[in-house]
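Trainee: Once you've had a glance at the structure underneath, I'll fire off some questions.
The values are calculated or read from the model by the stated rules, or taken from the named source; none is laboratory data. Since the structure is predicted, the reported quantities are computational estimates derived from the model, not experimental observations. Glycine gets a Cβ as well: all are built from the backbone with ideal geometry, and neighbour counts include every protein chain shown.
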Amino acid sequence: MTTNRPVKDRKFEGGLVARLEHPMVHYQILLGATGFLLTLGVVMVASSSSVFSYQQNDGNSWALATRQLIFAALGVFLMMAVSKMHVDSIRRWANLFMVGVGILLVAVLIIGTARYGQKNWIEFGGPFRIQPSEFAKLAVVLWGADVLDKKYHLLEQRNHLLVPLVPVCLTVLVLIMLQGDLGTAMVMMPIMASLLYFVGAPRKWFAAMAVAALAAIAALSIAAPYRMARFTSWLDPFADAQGTGFQVIRGQQALGSGGWWGVGLGGSREKWGTLPEAHTDFIYAVIGEELGILGTMTVMILFVIIAIIGLRIARSTNEAFIQIAALGIITWLVVQALVNIGAVLGILPITGVPLPMVSYGGSSLIPSLVAMGVLMAFAKHEALMQSKRH
């Protein structure tokens with residue numbers, strides 16, 4: 001007996017395949033995933049920061065949430081503006097952007113403000129301040145991709161592969177380390193290494209880089225007692241449960257108490273002063289508490305989707321700049337997300353790295369959204385090239 005069901009299934013599959021093969025599908029998926037992450041982030045910042053904001057802002061529970069909404073609006077505006085730019089325009093701006101970030105990285109050492117043992121903020125009065133090291137991630141990716149593309153046919157020669165990329169990257173890394181910002185430095189290292197990896201640098205180089213990076217991290221950790229305390233609390237948080245291990249323990253308790261579905265949006269108990277940095281570094285723990293495993297898995301899936309689309313964009317183009325920049329951006333966002341989530345789960349030491357597009361803070365949010373705008377511009381460019389080929 002024949003039925004209509006197989007015909008319907010074939011129509012459904014055909015329609016789904018056609019949608020996935022549409023030239024603009026990468027752009028649409030990136031826009032949707034970014035919008036979902038950003039919306040979730042703003043909502044969770046509003047929830048997780050309400051008690052802290054009330055205590056710090058004269059009874060205004062929504063002060064930090066309002067600022068985050070302003071940062072998000074500015075970030076979305078810049079993201080959409082960048083997404084409409086031609087790839088050549090992005091390349092032209094990359095050099096100027098790199099110079100500007102370099103000047104700010106030097107300036108922060110002179111006029112910067114220290115917070116939590118790190119001199120990495122430039123204050124503009126009131127709540128307005130900037131952390132140049134966050135913008136350095138995007139600057140290095142775009143500038144590095146442009147340099148490597150211009151030298152693409154010369155990269156078999158070691159001097160062209162190394163200069164000027166490696167000296168400039170090392171200078172940026174040293175400036176960030178001089179600020180005491182080990183967390184950002186730990187994210188910058190894989191970003192910089194990825195630029196060389198994606199153009200075929202010898203694999204033995206990366207072993208040497210890994211050893212040098214671990215040695216630098218160990219030296220900086222030993223030099224600063226609070227970093228050593230973070231490391232020892234990661235090894236055994238219960239050895240000092242009311243001191244250095246407090247944040248790790250409370251974060252894991254928050255995650256564990258959420259179960260599958262969470263205690264409900266706004267229902268977190270840890271945000272009542274128990275969990276430090278609930279709206280910044282440990283916002284993933286509050287997501288787990290309020291939205292459960294469903295919420296935490298959704299965040300991880302969205303980053304996986306962004307990574308897959310970034311890889312697809314890189315594979316679909318013959319332009320080296322797009323390939324290198326797209327892979328560099330997803331390396332940055334995925335590594336930073338893993339470092340943040342790993343710290344909350346207790347898999348990695350706490351480094352103070354925010355969760356991209358979710359944690360509170362304009363200095364982290366805005367460059368992340370601009371990076372997504374760059375990926376969207378690449379997606380639109382490839383869609384245009386595909387339409388011309390057909």
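Trainee: Among the numbered conditions (1) under 26 Å from TYR360 (Cα atoms); (2) at pLDDT below 95, tell me where LYS11 comes up short.
Mentor: Only one criterion is unmet by LYS11, namely (1).
Trainee: Would you mention how many residues in the stretch 281-313 are buried (at least 22 other Cβ atoms within 10 Å of the Cβ) and closer than 18 Å to LEU333 by Cβ?
Mentor: 10
Trainee: Still on this structure, please answer the following. Go through (1) on the phi < 0 side of the Ramachandran plot; (2) in contact with a Ser or Thr (Cβ under 9 Å, 6 or more places away or on another chain) and name the single condition GLY362 misses.
Mentor: So the condition that GLY362 fails would be (2).
Trainee: Let me ask something else. Filter the stretch 102-131 for residues that are in a helix (DSSP H, G or I) and free of Cβ contacts under 8 Å to residues at least 40 places away in the same chain and give the result.
Mentor: Of the stretch 102-131, the ones in a helix (DSSP H, G or I) are 102-111.
Within the stretch 102-131, ILE103, LEU104, ALA107, ILE110, ILE111 qualify.
Trainee: Every residue in the stretch 355-371 that is surrounded by fewer than 24 Cβ atoms within 10 Å (Cβ to Cβ) and outside any helix (DSSP H, G or I), please.
Mentor: Within the stretch 355-371, GLY361 is the sole residue that qualifies.
Trainee: Separate question: Considering LEU275, LEU311, LEU265, which residue is modelled with pLDDT of 90 or more and either among the charged types (D, E, K, R) or under 17 Å from VAL358 (Cβ atoms) (or both)? Steps first, answer last, please.
Mentor: Details: LEU275 fails: modelled with pLDDT of 90 or more; LEU311 fails: either among the charged types (D, E, K, R) or under 17 Å from VAL358 (Cβ atoms) (or both).
Result: LEU265 is the single residue among LEU275, LEU311, LEU265 that is modelled with pLDDT of 90 or more and either among the charged types (D, E, K, R) or under 17 Å from VAL358 (Cβ atoms) (or both).
Trainee: Being over 24 Å from VAL353 (Cβ atoms), out of contact with any strand residue (DSSP E or B) (no Cβ under 6 Å at 6 or more places or on another chain), surrounded by fewer than 17 Cβ atoms within 10 Å (Cβ to Cβ) and modelled with pLDDT of 90 or more: is that true of PRO202 here?
Mentor: Judged against the criteria, PRO202 is not a match.
Trainee: Can you tell me which residue among VAL174, VAL211, VAL163 is closer than 25 Å to THR113 by Cβ, of a type in the set (A, V, I, L, M) and surrounded by fewer than 17 Cβ atoms within 10 Å (Cβ to Cβ)? Steps first, answer last, please.
Mentor: Values: VAL211 fails: closer than 25 Å to THR113 by Cβ; VAL163 fails: closer than 25 Å to THR113 by Cβ.
After ruling out the rest, the residue left standing is VAL174.
Trainee: In addition: So which of THR296, THR274 is β-branched (Val, Ile, Thr) and part of a loop (DSSP other than H, G, I, E, B)? Give the derivation first.
Mentor: Details: THR296 fails: part of a loop (DSSP other than H, G, I, E, B).
The conditions single out THR274.
Trainee: Here's something else I'd like to know. Hey, could you check the stretch 14-50 for residues that are modelled with pLDDT under 90 and assigned to a helix (DSSP H, G or I) and say which is nearest to the chain's Cα centre (by Cα)?
Mentor: Checking each candidate, the answer is LEU20.
Trainee: Here is a further query. Among the residues that make up the stretch 75-84, is at least one of them surrounded by 14 or more Cβ atoms within 10 Å (Cβ to Cβ), of a type outside the set (A, V, I, L, M, F, W, C) and at pLDDT below 95?
Mentor: Scanning the stretch 75-84, I find no residue that is surrounded by 14 or more Cβ atoms within 10 Å (Cβ to Cβ), of a type outside the set (A, V, I, L, M, F, W, C) and at pLDDT below 95, so the answer is no.
Trainee: Another question, then. When the residues of the stretch 132-153 are narrowed to those that are at pLDDT 95 or above and more than 16 Å from ILE90 (Cβ to Cβ), which ends up farthest from the chain's Cα centre (by Cα)?
Mentor: Going through the qualifying residues, I end up with PRO132.
Trainee: Now, a different point. When you go through ILE222, ILE309 one by one, which is the residue that is assigned to a helix (DSSP H, G or I) and touching a Leu at 6+ places or on another chain (Cβ under 9 Å)?
Mentor: It is ILE309.
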